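Here is the structure we will look at.
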Amino acid sequence: MEKNKDVIWTVIKIIKWGSGYLKEKGIDSPRLTIELLLSNVLNVTRFELYIQFERPLLLDELSKLKGYINRRVNREPIQYILEEEHFYRRVFKVTPNVLIPRPETEILVEEAIRRSGNPIRCLDVGTGSGCIAITYSLERTETEVVAIDVSSKAIEVAKENSKSLNANNVSFFCIDFFDDNALKSLGSFDLIISNPPYISKNDISTLQIEVRDFEPQIALTDRADGFMFYKRFLQVSKYLLRHSGNLFLEIGFGQSIELQNIFNDSNEFSTISVLDDLSKIPRILWAQKK
């Protein structure tokens with residue numbers, strides 16, 4: 001932005017300048033980005049920007065916007081800048097302590113809702129922002145939902161989202177998924193659902209800067225071969241998942257065949273299937289216990 005104090009920065013002028021500047025810096029969807037940032041600063045909708053094109057920004061608004069733009073140019077995800085992301089028609093608070101909800105995970109929830117019947121109890125492992133647990137609890141209000149995460153800071157965010165979205169049938173616990181005693185204290189479940197860390201330690205360096213440098217690595221990678229959590233689900237399903245219970249797990253690109261073999265070898269499940277996302281990429285492992 002020009003430093004000349006005589007320049008009046010109106011909404012339309014900011015949008016035009018910001019679109020060009022962000023494009024020059026290699027930011028995806030530059031116009032959408034500047035509009036979202038500007039809407040947040042002015043506390044208006046994107047539609048309202050278009051009927052306030054000649055509105056001048058105050059100095060404190062310009063200062064706040066400049067800070068936002070600098071953060072985005074440094075590749076910080078816009079969701080962390082705005083502290084929100086949309087998921088399954090709802091707005092969730094997100095911070096750098098939780099993974100940013102993805103559209104693929106909406107499919108995970110949708111399939112669990114569609115295929116799991118009417119579970120009495122549901123467990124969400126690695127809840128993060130709580131988007132899976134809260135969404136399921138709001139769509140299936142008759143189900144008791146329990147959500148766990150090893151990160152106490154993530155649990156704080158999830159509880160905030162639960163309160164703001166009036167999800168009254170979900171409980172959150174800070175529990176290590178690899179602690180058998182803690183897990184057994186939760187009881188058993190008709191449905192287990194999770195988007196676990198499935199990126200291998202060797203693939204972390206190949207991720208986008210926005211993901212690699214800003215999202216919590218504990219939610220991205222198992223710091224091993226990418227299969228550690230899936231093998232753990234096989235172990236704990238013996239006592240956590242009830243007979244005929246359903247397990248829904250989001251999986252990474254290229255993992256489907258090996259995971260099907262691992263689950264078939266366990267001889268624990270009567271149904272093992274991999275479901276595609278909207279891009280026809282194998283994305284969800286669905287297994288039903290015998």
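The values are calculated or read from the model by the stated rules, or taken from the named source; none is laboratory data. Treat the numbers as computed from the prediction; the structure is a model and nothing was measured. In this analysis, Cβ positions are derived from the backbone assuming ideal geometry, glycine residues included, and neighbour counts consider all displayed protein chains. Surface areas here come from the heavy atoms of the whole protein model, side chains and all, with no ligands, DNA or RNA. Shrake-Rupley method; radii C 1.70, N 1.55, O 1.52, S 1.80 Å.
Antiparallel beta bridges, as assigned by DSSP with both residues in the range 148-290, represent about 60 percent of the total such bridges. Label sites at SER279 and LEU32, each approximated as a point 7 angstrom past Cα along Cα to Cβ, lie 1.4 nm apart. Listed options for Rg and Dmax of the Cα atoms in Å are (1) 21.6, 74; (2) 17.9, 55; (3) 18.9, 54. The value calculated from this structure is the one marked (1). If you build a Gaussian network model of the chain, linking Cα atoms that sit under 10 Å apart, which residue out of ILE148, ILE193, ILE81 swings the most? Among ILE148, ILE193, ILE81, the largest GNM mean-square fluctuation belongs to ILE81. With both residues required to sit in the chain, DSSP beta bridges show an antiparallel share near 45%.
Restricting the calculation to Cα atoms, every distinct pair contributes to the Kirkwood radius of the range 38-167, found to be 16.5 Å. Could you pull out the longest piece of the chain with no exposed loop chymotrypsin sites (Phe, Trp or Tyr not before Pro) in it, calling a site exposed if DSSP puts it outside H, G, I, E, B and it has at most 14 other Cβ atoms within 10 Å? The longest such stretch corresponds to 54-177.
For the range 23-67, trypsin sites (Lys or Arg not before Pro) are listed when DSSP marks them as loop and at most 16 other Cβ atoms sit within 10 Å of their Cβ; the list is LYS25. Partner lysines whose Cα lies under 20 Å from the Cα of LYS25, excluding those fewer than 8 positions away in the same chain, are identified as LYS3, LYS13, LYS16, LYS64, LYS66. The string of couplings for the range 245-256 from the Karplus curve (6.51, -1.76, 1.60, θ = phi - 60°) is x, 10, 10, 10, 10, 6, 10, x, 4, x, 9, 5 Hz, one whole number per residue in order, with x for Gly and Pro. Once the Cβ-Cβ distance of GLN52 and ASN181 is raised to the sixth power relative to R0 = 51 Å, the FRET efficiency obtained is 0.30.
Taking R0 as 30 Å, what's the FRET efficiency between SER164 and ASN267 from their Cβ-Cβ distance, rounded to 0.05? Plugging the Cβ-Cβ distance into 1/(1 + (r/R0)^6) gives 0.10.
The alpha carbon radius of gyration of the range 174-290, expressed as a multiple of 2.2 N^0.38 Å, is 1.09. How far is helix 152-164 tilted, in degrees, relative to the longest principal axis of the Cα atoms in the chain, given as a value from 0 to 90 rounded to the nearest 10? Orientation of helix 152-164: about 80 degrees from the principal axis.
Loop sites by DSSP among the GluC sites (Glu not before Pro) of the chain, restricted to those with at most 11 other Cβ atoms within 10 angstrom, leave 143-290 as the longest stretch without any of them.
Size estimate for the range 91-237 follows the Kirkwood approach: the inverse of mean 1/r over distinct Cα pairs works out to 15.6 Å. Using only Cα atoms, find the angle between the long axis of helix 30-42 and the longest principal axis of the chain, and express it within 0 to 90 degrees, rounded to the nearest 10. That works out to roughly 80 degrees. Averaged over its residues, the chain has an accessible area of 49 Å² per residue, based on protein heavy atoms and a 1.4 Å probe. Inter-part distance, the range 263-282 to the range 86-154, computed on C-alpha centroids, equals 20 Å.
For the range 101-243: lysine pairs with Cα atoms under 18 Å, gap of 8 or more or different chains, count? Taking the Cα cut-off of 18 Å, the pair count is 4.
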